[in-house]
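Data block below; observations after.
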Amino acid sequence: MVRAARTVRRAVVTGGAGFLGSHLCEQLLARDVEVVCLDNFLTGSPQNVVHLVEHPGFRLVRCDVTDFVHVPGPVDLVLHFASPASPLDYLRMPIETLKVGSLGTLHTLGLAREKGARYVLASTSEVYGDPLRHPQDEEYWGNVNPVGPRGVYDEAKRFSEALTTAYRTSKGTDTGIVRIFNTYGPRMRADDGRAIPAFVGQALEGRPLTVAGDGSQTRSICYVDDTVRGILAMAFSTEAGPVNIGNPDELSMLRLAQWIVELTGSTSEIGFVDLPVDDPKVRRPDTTRAERLLGWRPTVPSEEGLRRTVDWFAGRLQAAAAQAG
Ligand SMILES: NC(=O)c1ccc[n+]([C@@H]2O[C@H](COP(=O)([O-])OP(=O)(O)OC[C@H]3O[C@@H](n4cnc5c(N)ncnc54)[C@H](O)[C@@H]3O)[C@@H](O)[C@H]2O)c1
């Protein structure tokens, strides 16, 4: 049973010029919600929201949420999505990642409290670390190495969950936590190091696909439209969470690479590179809670989502080639 929350007229999206953030801004505007997008373009780009800047309900503000956050006027909803999210990004920017998970979360919770707004934190399946329970449900506490290289991201998110919970319990802020599992789709950066954009780029350019380890490690991949629908279901509810948002469709990295070769019609070979330190061996969400509380479940089959993603990347490559030549 989904309880209806307040009417949302104006939302703040931090990290709104990133992959997920830009889709959220788009979908909020489509629901007649005004959007203030705060981003410092650390890993995102104004290019991701360029199609929205003419919209009368959209404002893009360059701002680092670890400095301070000030938004004049009423705000009904704060979505805190600012953070480097790919291993390549957060390993390159460990301090920025810890700061946006701690100070950024503190400042955005302060904004939500000041405005009496609903607050939704973008947490991650990485809070489960290299899980000892499979699939992962929200009751599982996780298996994270705080001093391993991935600790900068995983612990930043674990801290931000604790801080969000403290604002709910001690200050009465209306907060919700979504634990997002691997999401893919248009507007990912080809060079962000995540498996799907890397494999698609390699396959389209006829280069060998770089599968980590022996490729037997699994991930569960969710198409961006499904993830965004789940996040907004959480945003428009009064649920505290945490709620897993992801697609239980689990597959090995080797299978994913083979599939992308098939879908692109590529002649690329599959090569193997070293497995990153503390790489999770398995990952699959238990989405029972999301179904029960939010009435949400993913609907886009992986084949369809991968096809759309391949088409988008192919279009970008063609446009770049046309510009160059
Ligand atoms: N994409 C996924 O599969 C996934 C999975 C789990 C969790 N998440 C979470 O969702 C959020 C968005 O991820 P994404 O994949 O869109 O990543 P992304 O890198 O595309 O977007 C993050 C955005 O945050 C901005 N940002 C970073 N630090 C900032 C700061 N200090 N101030 C203002 N803006 C800042 C970046 O410039 C970027 O636009 C992140 O919090 C991430 O942890 C994503």
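The values are calculated or read from the model by the stated rules, or taken from the named source; none is laboratory data. Remember, predicted model here, so these are calculated numbers, not experimental data. Every residue, glycine among them, receives a Cβ derived from its backbone with ideal geometry; neighbour counts consider all protein chains shown. Surface accessibility is based on the protein's heavy atoms, side chains included, excluding ligands, DNA and RNA. Shrake-Rupley method; radii C 1.70, N 1.55, O 1.52, S 1.80 Å.
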* Asked: Name the strands (runs of 3 or more DSSP E) wholly within the stretch 208-248 that hold at least 1 residues that are under 29 Å from Tyr167 (Cα atoms)?
  -> 243-245
* **Test for Gly241: is it under 30 Å from Asp76 (Cα atoms) and either open to solvent by less than 20 Å² (accessible area, probe 1.4 Å) or not β-branched (Val, Ile, Thr) (or both)** => yes
* To do: Evaluate the following for Gly201: is it touching a residue at least 24 places away in the same chain (Cβ under 8 Å), small (Gly, Ala, Ser) and part of a helix (DSSP H, G or I)?
  => yes
* **Residues located in the stretch 69-88, provided they are of a type outside the set (Gly, Ala, Ser), in a loop (DSSP other than H, G, I, E, B) and more than 7 Å from the ligand (Cβ to nearest atom)** => Val69, His70, Val71, Pro72, Pro74, Val75, Asp76
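Residue by residue, here is whether (1) closer than 29 Å to Gly193 by Cα; (2) part of a loop (DSSP other than H, G, I, E, B); (3) polar (S, T, N, Q); (4) open to solvent by 40 Å² or more (accessible area, probe 1.4 Å) holds:
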residue: Tyr90; (1), (2), (3), (4): yes, no, no, no
residue: Lys99; (1), (2), (3), (4): yes, no, no, yes
residue: Glu139; (1), (2), (3), (4): no, yes, no, yes
residue: Pro146; (1), (2), (3), (4): yes, yes, no, yes
residue: Ala156; (1), (2), (3), (4): yes, no, no, no
residue: Thr173; (1), (2), (3), (4): no, yes, yes, no
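Condition (residue is more than 20 Å from Gln136 (Cβ to Cβ) and open to solvent by 10 Å² or more (accessible area, probe 1.4 Å)) applied to the stretch 282-295: is it met by at least one residue?
yes
Being small (Gly, Ala, Ser) and closer than 22 Å to Leu232 by Cα is the filter; apply it to the stretch 104-137 and report the residue that is most open to solvent (accessible area, probe 1.4 Å).
Residues of the stretch 104-137 small (Gly, Ala, Ser): 104, 110, 112, 116-117, 122-123, 125, 129.
If we keep only those that are closer than 22 Å to Leu232 by Cα as well, we get 104, 110, 112, 116-117, 122-123, 125.
Working: Gly104: 0, Gly110: 28, Ala112: 1, Gly116: 45, Ala117: 2, Ala122: 7, Ser123: 5, Ser125: 2 Å².
Filtering the stretch 104-137 for residues that are small (Gly, Ala, Ser) and closer than 22 Å to Leu232 by Cα, the one most open to solvent (accessible area, probe 1.4 Å) comes out as Gly116.
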* To do: Give the stretch 206-222 a look and list any residue that's touching a Ser or Thr at 6+ places or on another chain (Cβ under 8 Å), surrounded by fewer than 23 Cβ atoms within 10 Å (Cβ to Cβ) and of a type outside the set (Val, Ile, Thr), or say none.
  => Gly206, Arg207, Pro208, Gly215, Ser216, Gln217
* Asked: Going by the structure shown, is Tyr128 among the hydroxyl-bearing types (Ser, Thr, Tyr) and more than 9 Å from the ligand (Cβ to nearest atom)?
  -> yes
* Filter the stretch 259-278 down to residues that are in contact with a strand residue (DSSP E or B) (Cβ under 6 Å, 6 or more places away or on another chain) and among the aliphatic types (A, V, I, L, M) and give me whichever is surrounded by the fewest Cβ atoms within 10 Å (Cβ to Cβ). => Val273
* To do: Select from the stretch 47-60 the residues that are surrounded by 15 or more Cβ atoms within 10 Å (Cβ to Cβ) and within 13 Å of the ligand (Cβ to nearest atom) and write down the one among them that is nearest to the chain's Cα centre (by Cα).
  => Asn48
* When the residues of the stretch 6-20 are filtered to those that are farther than 14 Å from Ile231 by Cβ and not basic (Lys, Arg), which remaining residue is most open to solvent (accessible area, probe 1.4 Å)? -> Thr7
* To do: Answer with yes or no whether Gly215 is modelled with pLDDT of 95 or more, among the small types (Gly, Ala, Ser) and away from the ligand (no atom under 14 Å from the Cβ).
  => no
* Structure fact -> Within the stretch 164-207, residues being under 30 Å from Glu269 (Cα atoms) and either of a type in the set (A, V, I, L, M) or away from the ligand (no atom under 14 Å from the Cβ) (or both) number 14
* Hits in the stretch 21-45 (condition: open to solvent by 30 Å² or more (accessible area, probe 1.4 Å), touching a residue at least 12 places away in the same chain (Cβ under 8 Å) and not charged (D, E, K, R)) -> Gln27, Asn40, Phe41, Leu42, Thr43, Ser45
* To do: Starting from residues that are farther than 14 Å from Thr124 by Cβ and of a type outside the set (Gly, Ala, Ser), keep the ones in the stretch 138-159 and report whichever is modelled with the lowest pLDDT.
  => Pro149
* To do: Determine, yes or no, whether Thr66 is β-branched (Val, Ile, Thr), in a helix (DSSP H, G or I) and open to solvent by less than 30 Å² (accessible area, probe 1.4 Å).
  => no
